[in-house]
Structure formats: C-alpha cells, structure tokens
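The values are calculated or read from the model by the stated rules, or taken from the named source; none is laboratory data. Bear in mind that the values here come from a model prediction, so they are computed numbers and not experimental data. With ideal geometry, Cβ positions are generated from the backbone for all residues, glycine too; neighbour counts draw on all protein chains shown.
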Amino acid sequence: MSVRTFWASVSTLALGAAAVLGLAQPASAAGDNYVALGDSYSSGVGAGSYTSESGDCKRSTKAYPYLWRDANAPASFKFVACSGATTTTVAGSQLSALSSSTTLVSITAGGNDVGFADVMQTCVLQSQATCVSRVNTAVSQVQNTLPGRLDSLYSSIRSRSPQAHVVVLGYPRFYKLSGSCIAGLTETERGAINNASDILNGVIAKRAADAGFTFSSVVDEFTGHELCSGDAWLHSVTLPITNSYHPKVAGQSGGYLPAFRSAA
C-alpha cells in the first residue's frame, strides 16, 4: 500500500467514526427553503433595525428568523411576519409565501387574536380590578375561540407546504414575581398576566401537536430575564408604545433564536 493510499484510508475511517459518534457536521441547512410567518414576536418589533421594505410590519434584521438565516444560509428565505398579525391575517396575507417546496416554517400567532395589546394597556392605565377582569376575558377567548382559529391556520399551512417542518413558538412569561420592580403593576396583576400567558402557550402547544407541528416554548430561555428580573430581555412600558412588552435584541438572540434552533 502506498503512503498516499494509506492516509486516504485513514481519512475515510476517521470520517466514518466521526459520523457514528455524532461528531460529523449535521445535515446542512443550505438545502432548506425557509419561510418565517407570524406576528410582532417573529417580525422583531422592539429589536430595531427594521427593513425599509417592511413598513408597518417592522421586520427586523435582529429578529430570530434573520439571525437563523445568517447562521445557516438556507437555499431560500422568505420573511413575511408582520406586527399586529392575527391568525386570520396570517392566513390571508402571509401564506402565499409558502409552497410545496417549502421545507421549514416558523410562526408565532395567537396573542393578537385575544387582544394582547389591549390587555396590557388596560392593566397599565386602569385599576387592578379592571386589569384582572380584562385578563380573564382574554383567557376565556384563548380557551374558547382561539383553538378553532389555530386549527384553521395550521391546516392551511400544512395544505400549502405538506413536506415542511413547522416550528410553532410560544410567548414569554412576562414578569418575575417578587422581583425588583417597586412601581407599576401590582403583584396580583403581574401574576394574572403570567397565568394568562401560560394558558395561551398551553393552548398553542396542544393545537400545534395535534397538527403534527413542533411547539417550542421560550419560557425557559426568558427565565431570569423577565420584567422585574433586573436583567430584562423585554421592553417594559416604553416609547414608542409598540415596543412595550416585546423582546429586545437580547430577547431575540438569547431567547427566540435558541428556542427555534433547538426545534428546527
């Protein structure tokens, strides 16, 4: 055996061993045709660096879909998530980005269907009793109205992209209870909002599972970085008001990106 043949054999064996041990490079995402759908948590509201073409949809180059694209260089990338989107508007204006060749989809949707922005505004501006009542109304919508809307949306996504791996991401738990905040909402209000977020995530997770999609929670990633934690990855009430309760750059890169990456 020549020296050249010997080392070629060694190289082949080494690559084979690496593959067996799981050390080889993972299958390249370069073959993926990725479409990012959803609302402001996917478009990147609060992270800044919005693309000029996105207008009021506020699609950010710091949002997790862009960050994933930059790290993985998929074959194609369509970013159509839009601030304010509901399950209905996602279905009506975003699903045209999907096709039978789409292999990867990400989505956040459901918060706007139950009036998330109005809930937070009510709690900031009105009494504790009014806040809790508004939260309870939203929870009722989550439990009674949202499941059917999610089923319809997920069915439409599957119909358009039957081979796609679909990752449904949830929403953060917003407050650290007994945290560092000494002003603002009461602990009762914060607890009610957190409970509503948990219920919302639970409904989304179940509907995603029933559709054959992968649900990825972001609660663990944001734990220790909620509002009142002292190291929040979320904007509190701020100007512009649209940024309030949305992830900062760190929330997209340290929260949503890892949650998506682990499930993609």
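Reported count of residues in the range 236-264, each being part of a loop (DSSP other than H, G, I, E, B) and among the aromatic types (Phe, Trp, Tyr), is 1.
Quick one: is GLY184 at pLDDT below 95 and either exposed (fewer than 14 other Cβ atoms within 10 Å of the Cβ) or not in a helix (DSSP H, G or I) (or both)? In short, yes.
Yes/no per residue for (1) of a type in the set (A, V, I, L, M); (2) assigned by TED's automatic domain parsing to the domain that holds SER54; (3) part of a loop (DSSP other than H, G, I, E, B):
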position	(1), (2), (3)
TRP68	no, yes, no
LYS78	no, yes, no
THR89	no, yes, no
ALA109	yes, yes, yes
ASP113	no, yes, no
ASP118	no, yes, no
GLN121	no, yes, no
VAL135	yes, yes, no
ALA138	yes, yes, no
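Filtered by the rule that a residue be touching a residue at least 40 places away in the same chain (Cβ under 8 Å) and either among the β-branched types (Val, Ile, Thr) or in a strand (DSSP E or B) (or both), the range 40-66 gives VAL45, SER60. Comparison of SER76, SER83, SER106, SER100 shows that the only residue that is in contact (Cβ under 8 Å) with a residue 60 or more places away in the chain and touching a strand residue (DSSP E or B) at 6+ places or on another chain (Cβ under 9 Å) is SER106.
Evaluate the range 163-179: report whether one residue or more is of a type outside the set (Phe, Trp, Tyr), surrounded by fewer than 21 Cβ atoms within 10 Å (Cβ to Cβ), in contact with a strand residue (DSSP E or B) (Cβ under 9 Å, 6 or more places away or on another chain) and more than 24 Å from SER253 (Cα to Cα). Looking through the range 163-179, none of the residues is of a type outside the set (Phe, Trp, Tyr), surrounded by fewer than 21 Cβ atoms within 10 Å (Cβ to Cβ), in contact with a strand residue (DSSP E or B) (Cβ under 9 Å, 6 or more places away or on another chain) and more than 24 Å from SER253 (Cα to Cα).
Screening ILE199, ILE182, ILE157 for residues that are of a type outside the set (Ser, Thr, Tyr), more than 21 Å from the chain's Cα centre (by Cα) and in the same structural domain as LEU98 (by TED's automatic domain parsing) leaves exactly one candidate, ILE182. Taking each residue of the range 240-264 that is among the aliphatic types (A, V, I, L, M) and looking for partners that are in a loop (DSSP other than H, G, I, E, B) with beta-carbon atoms closer than 8 Å, six or more apart or interchain, yields VAL249/ALA47; VAL249/GLY48; VAL249/LYS62; ALA250/HIS225; ALA250/TRP233; ALA259/SER217; ALA259/VAL218. In the range 20-39, the qualifying residues are those that are among the small types (Gly, Ala, Ser), touching a helix residue (DSSP H, G or I) at 6+ places or on another chain (Cβ under 7 Å) and not in a loop (DSSP other than H, G, I, E, B), and the one that is modelled with the lowest pLDDT is ALA29.
Checking the stated criteria, ILE193 turns out not to satisfy the condition of being under 21 Å from SER106 (Cβ atoms), buried (at least 16 other Cβ atoms within 10 Å of the Cβ) and of a type in the set (Val, Ile, Thr). Every condition in (1) in contact with a Leu (Cβ under 7 Å, 6 or more places away or on another chain); (2) more than 16 Å from THR108 (Cβ to Cβ) holds for LEU185 except the one numbered (1). Going by the structure shown, is VAL142 closer than 16 Å to VAL203 by Cα and outside any helix (DSSP H, G or I)? The answer is no for VAL142. Of all residues in the range 196-213, those that are in contact with a strand residue (DSSP E or B) (Cβ under 7 Å, 6 or more places away or on another chain) and in a helix (DSSP H, G or I) total 4. Among residues of the range 220-235 being among the charged types (D, E, K, R) and in a loop (DSSP other than H, G, I, E, B), the one that is surrounded by the most Cβ atoms within 10 Å (Cβ to Cβ) is GLU226.
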